[in-house]
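Take a look at the structure set out below.
Values quoted throughout were computed directly from the atomic coordinates according to the rules given, and no laboratory measurement underlies them. The model shown is predicted, which means the values in this text are computed figures rather than measured ones. Glycine also receives a Cβ, built like all others from the backbone with ideal geometry; neighbour counts cover every protein chain displayed.
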Amino acid sequence: MIKISRLNAFVFLVMFFVFVLTSKCLALFNLKITGIDYIMWFLFVALLFIINYKFLSRKLLIKQTYFWLFFILVIFCVLNYFVVDVPLKRYLQGTFFIFLFAVNFILFSNIKIERKDFFLIVDKIIFLLTAIAVLIYFERFFIEREYSGFFLRGVQTIVKDTGFAATFLNINIILCFSMFLIKRNKKYLYIAAFSFVTIALLLFLKAVVSSLIIFFLFIFIFFGRRVRRIIFFIFGGLLFLFFLILGNTFFKEVQYKQNLYFGSGSAETPRNALYIAGFRIAKDYFPFGSGQGTFGSYPVGKNYSPIYYRYGLHKLYGLGPDAVNSTKENFLFDTYWSHILGEMGFIASFFYLWLWIFPALKVHFFLWSNNMETKALSFIITLTIIVIFIESFALSIPEQLQFIMIYAGLGALAYKLLLQDTPRNTF
């Protein structure tokens, strides 16, 4: 008979694979089924409840601080509904998506999982993410498109967005470093190096910065001073050669981004405009914000929101009413925290950020544990949240199910394992 832990691991992997690949699979057959990922999410959650019925019938394991943060935010949302003029259906949709990560975290921190099954999940995710990287090169060499020189810029990848692929590869580096700590198998280091090179060739500057942060924290935390110096010296030399050969394209990209976000007319760049509007909305609608489903959230992609007219966003490229249901000229979901700030206001945004980074705040000190598995679990939780936080300034990644399955799914499973082996008063 299959153990519950192994069954949970299997369901988790199927969920992750489905959420990662569904979008492109449907596009391959010219199919568009609105909300199919979320329909499947409900089905998978129902399946997990059936599998873990006896286990979940006991008291839910949830940290009291997490519960109170969640409760305060729900109260804010309820009160705000009676202040703003938003249809109930639209408001509930916006609220669902904004709290989806928290629901996943609570769910996965309560299902049964054993360490060997957790690391099985990690290994299979590494396999999938590495396969995504390999297919990027296949696409670059065998499918004719407009590419940027020797770089990979221009590929479409098998995931929803090329930026998503770069973030996935950073997650791959985190997972590979963690597994190397436990198994001491050098193949994980080779895969991490391959992922880093692929990120660099994709020309996503934020992703490159995230990669360097992962690398430096990994070396700083897990190696002594002498080894650090040697590794930094070797890595610095390789990095110098890389930029010496391909640096001109990188510098042009940096200059382009600088002009786009800090140059003349940068206030009309969609991402900048969204953040500026987010602060203005939070100020004008103090203390609650404009309400769920009104600014940068899922319902806006179905029915354009009047808030965009009030703040002049409808005049900007990719932010007008024509962007609704558009797959190309659409920047409505181009940032994450601007939408949180605008819809929830300053006060609730503070509590929301606290809830969002809560797992990392609670486990980061385990990075200095004497137990290598404990260090690895903490590394996964802390670094995935850091990387996704960095990417969230320019992408709506935190509300995408494939990433929720990592930072609020896999992270929750790791958190649960740490909780099992640690006295509760330390959390």
Next on the checklist: Just to confirm the filter: which chymotrypsin sites (Phe, Trp or Tyr not before Pro) across segment 337-398 are DSSP coil and have at most 16 other Cβ within 10 angstrom of their Cβ?
Outcome noted: F393
Next on the checklist: Counting other C-beta atoms within 10 Å, and keeping those with at most 15, which DSSP coil chymotrypsin sites (Phe, Trp or Tyr not before Pro) do you find in segment 147-223?
Outcome noted: Y147, F150, F223
Next on the checklist: Multiplying the sequence separation of L212 and N30 by 0.36 nm and subtracting their Cα-Cα distance, what value in nm do you get?
Outcome noted: 61.7 nm
Next on the checklist: Could you compute the net charge surrounding K3? Neighbours are other residues with a C-beta less than 14 Å from the C-beta of K3; K and R count +1, D and E count -1.
Outcome noted: +3
Checklist entry - Which aspartates and glutamates does K112 reach when only Cα atoms under 18 Å apart count, and residues fewer than 8 places away in its own chain are ignored? => result D421
Checklist entry - Once the Cβ-Cβ distance between S266 and Y53 is put in as r, and R0 is 41 Å, what FRET efficiency do you end up with, to the nearest 0.05? => result 0.15
Item to check | Computed lengthening from N325 to N303, 0.36 nm per intervening residue step minus Cα-Cα distance | outcome: 7.0 nm
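Report the FRET efficiency, 1/(1 + (r/R0)^6), for V83 and K315, where r is their Cβ-Cβ distance and R0 is 25 Å, rounded to 0.05. Walk me through the intermediate numbers first.
Values: r = 27 Å, r/R0 = 1.10.
Efficiency for this residue pair is about 0.35.
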Item to check | Charge dipole (segment 230-331, unit charges on Cβ, about Cα centre) - positive-most of Y256, P306, I230 | outcome: P306
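Scan the chain and report its longest stretch carrying no GluC sites (Glu not before Pro) that are both in a DSSP loop and have at most 13 other Cβ atoms within 10 Å.
Excluding the exposed sites themselves, the longest stretch runs over 147-328.
Take S297, S23 and order them by how many other Cβ atoms sit within 10 Å, fewest up front.
Numbers: S297 27, S23 19.
Result, fewest neighbours first: S23, S297.
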Item to check | Restricting segment 22-128 to chymotrypsin sites (Phe, Trp or Tyr not before Pro) in coil, as DSSP defines it, with at most 15 other Cβ within 10 Å | outcome: F29, F82
Next on the checklist: Just to be sure I understand the model, the point goes 7 Å from the Cα along the line to the Cβ. What's the resulting E146 to Q258 distance in nm?
Outcome noted: 2.6 nm
Item to check | Of Y285, Y415, Y309, the one that fluctuates the most in a GNM where the chain has Cα springs shorter than 10 Å | outcome: Y309
Item to check | Computed label-point distance, nm, for sites Q420 and I231 using a 7 Å Cα→Cβ extension | outcome: 2.8 nm
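Given segment 115-199, what count of lysine pairs have C-alpha atoms under 24 Å apart, with each pair 8 or more places apart or on different chains?
8
Helices from the chain with mean Kyte-Doolittle at least 1.0 and a Cα length along the axis of 18 Å or more, per DSSP H: which?
Helix filter hits for the chain: 4-28, 36-51, 64-81, 88-108, 115-142, 162-183, 187-202, 205-222, 337-363, 372-392.
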Item to check | Rounded, prolate or oblate (a/c below 1.5 giving rounded, otherwise prolate when a/b exceeds b/c) for segment 1-104 by Cα gyration tensor | outcome: oblate
Checklist outcome for this item: Candidates N30, N325, N110; GNM for the chain (alpha-carbon contacts under 10 Å) flags as most fluctuating N30
